[in-house]
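The values are calculated or read from the model by the stated rules, or taken from the named source; none is laboratory data. Bear in mind the structure is a predicted one, so any value in this text is a computation, not a measurement. Every residue, glycine as well, gets a Cβ built from its backbone with ideal geometry; the counts of neighbours run over all protein chains shown. Quick note on the areas: whole protein, heavy atoms, side chains included, nothing else; ligands and nucleic acids left out. Shrake-Rupley method; radii C 1.70, N 1.55, O 1.52, S 1.80 Å.
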Amino acid sequence: MFDHFDILAPVYERVIAPPEPTRLKTLLRLPTDGWLLDAGGGTGRVAATLRPFVGGLIVGDLSLRMLQHARDKQTLHAVRAQVQRLPFADGFFSRILVVDALHHFCDQPAAARELARVLAPGGRLVIEEPDIHRPAVKLVALAERMALMGSTFLTPEGVCDMLTAQGLHAHIADRDRFSAWIVADK
């Protein structure tokens, strides 16, 4: 099966900058002594900025080439995993982050179930996702469809509803010109 992310891995960090770490620290309520999961975290470009503020950090992704770049950072634990079937114990993570990846998960409701399952009571999940209400994001969605990436973009409200259905308390915490930031507490 063709993997777009294996092809993009060598140049990914040169063309896509990570989000501003101060925003992430605030939304995730960092620092914490617990573990953070960067689900769909690819090369670890986001996770690497947060490593000093958590007890441990795992980048989970399907792309082996992306994970090779994450392993090169040496402060991250890289695990090949499908978000719909995470290989972690219930309640293992005090924080979970999903940046610009939810639309790539092939079964988003199953992913939401798994993220809720591995999130500890009192834990927090933060999802940054392109806001399909924005015209620029509609063009990105069309381009990804034409590239046969299999992406499914949900509205921020739809993401909140999906997380709420898993027993999490979810809300849209912030929006910018391209993305929405959804916070869900357990």
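Using only Cα positions of the range 92-186, each an equal point scatterer, no hydration layer, compute I(q)/I(0) via Debye at q = 0.11, 0.16, 0.24 Å⁻¹ and quote the log10 values to two decimals.
Debye output, listed in q order: -0.30, -0.61, -1.23.
Among LEU139, ALA111, ALA180, flag the residue with its Cα farthest along the positive direction of the charge dipole of the range 62-186, charges on Cβ as +1 for Lys/Arg and -1 for Asp/Glu.
Highest projection toward the positive end goes to ALA111.
If HIS69, HIS171 are ordered by their accessible area, calculated over protein heavy atoms with a 1.4 Å probe, which sequence runs from highest to lowest? Write down the numbers at each step before the final one.
Working: HIS69 60, HIS171 85 Å².
Sorted descending by solvent-accessible area, the residues read HIS171, HIS69.
Just to be sure I understand, if you calculate log10 I(q)/I(0) by the Debye sum over Cα atoms at q = 0.12, 0.14, 0.17 Å⁻¹ for this structure, which of (i) -1.05, -1.05, -1.17; (ii) -0.67, -0.82, -1.05; (iii) -0.51, -0.72, -1.12 do you get?
(iii)
Once you place label points 7 Å from the Cα toward the Cβ at ASP72 and ILE172, how far apart are they in nm?
3.7
Can you tell me what share of the DSSP beta bridges in the chain is antiparallel? A percent to the nearest 5 is fine.
On the way: 13 of 31 bridges.
DSSP beta bridges in the chain are roughly 40 percent antiparallel.
Sorted by average packing, counted as other Cβ atoms within 10 angstrom per residue and highest first, what order do 96-105, 120-129, 48-57 take?
Ranking the peptides 96-105, 120-129, 48-57 by packing returns 96-105, 120-129, 48-57.
Percent relative contact order of the range 61-129, based on C-alpha pairs within less than 8 angstrom and at least six residues apart?
Working: 92 pairs, mean separation 23.5, N = 69.
Worked out over the range 61-129, it gives 34 percent.
Treating only the Cβ of Lys, Arg, Asp and Glu as charged (+1, +1, -1, -1), what charge dipole size does the chain show about its Cα centre? Round to the nearest 20 debye. List each step's numbers first, then the result.
Details: 21 positive and 21 negative charges, 57 e Å.
That gives a dipole near 280 debye.
Give the aspartates and glutamates whose C-alpha is closer than 18 Å to that of LYS73, dropping any in the same chain fewer than 8 places away, or say none.
The qualifying aspartates and glutamates are ASP6, GLU13, ASP38, ASP61.
Can you give me the relative contact order of the chain as a percent, contacts being Cα pairs under 8 Å and 6 or more apart?
On the way: 381 pairs, mean separation 32.2, N = 186.
Reported relative contact order: 17 percent.
Could you compute the net charge surrounding HIS103? Neighbours are other residues with a C-beta less than 9 Å from the C-beta of HIS103; K and R count +1, D and E count -1. It would help to have the intermediate numbers written out before the result.
Details: positive: none; negative: ASP100, GLU129, GLU144.
Combined, the nearby Lys, Arg, Asp and Glu give -3.
Could you tell me how far the Cα centroid of the range 100-131 sits from the Cα centroid of the range 146-181, in Å?
Centre-to-centre (Cα) distance: 9 Å.
Place a label point 7 angstrom from the Cα of ARG145 along the Cα-to-Cβ direction, then list the residues of the range 155-186 whose backbone nitrogen is under 16 Å away.
155
Work out from phi, with θ = phi - 60° and the Karplus expression 6.51 cos²θ - 1.76 cosθ + 1.60, the ³J(HN,Hα) of each residue of the range 123-132, listed in order in whole Hz, and give x for Gly and Pro.
Each residue of the range 123-132 in turn: x, 9, 10, 10, 10, 9, 9, x, 8, 4 Hz.
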